[in-house]
Amino acid sequence: MTVRNLTTVTAQQFGGALGAAVVGTVFFDHVGEGMTEALGAAMPWVAGGFLVCAGLCVAVPRRAVAGHEG
């Protein structure tokens, strides 16, 4: 693996762990109010995370190196 691949894998792992921590924290802060309320509080964070990821995917160029065919 190259350094670029390792950086990408590390960023993906960190992002997944951070997302799980945020959603889990929000969910368990509200679970005392009931499951429906806890899910209702956590789902906007999940949807927001998907929207951020979608925006980042659009922002990333098709090729990492301009002029590189391969």
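The values are calculated or read from the model by the stated rules, or taken from the named source; none is laboratory data. Computed from a prediction, not measured in an experiment: that's the story for all the values here. No Cβ is skipped: glycine too gets one built from the backbone with ideal geometry, and neighbour counts run over all protein chains shown. Protein only, heavy atoms only, side chains kept; ligands, DNA and RNA dropped before computing areas. Shrake-Rupley method; radii C 1.70, N 1.55, O 1.52, S 1.80 Å.
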Quiz prompt | Total residues in segment 14-48, condition surrounded by 12 or more Cβ atoms within 10 Å (Cβ to Cβ) and of a type in the set (D, E, K, R) | solution = 2
Self-check item: Meets criteria (part of a helix (DSSP H, G or I), open to solvent by less than 50 Å² (accessible area, probe 1.4 Å), in contact with a Gly (Cβ under 8 Å, 6 or more places away or on another chain) and modelled with pLDDT under 95) for G55
Solution: no
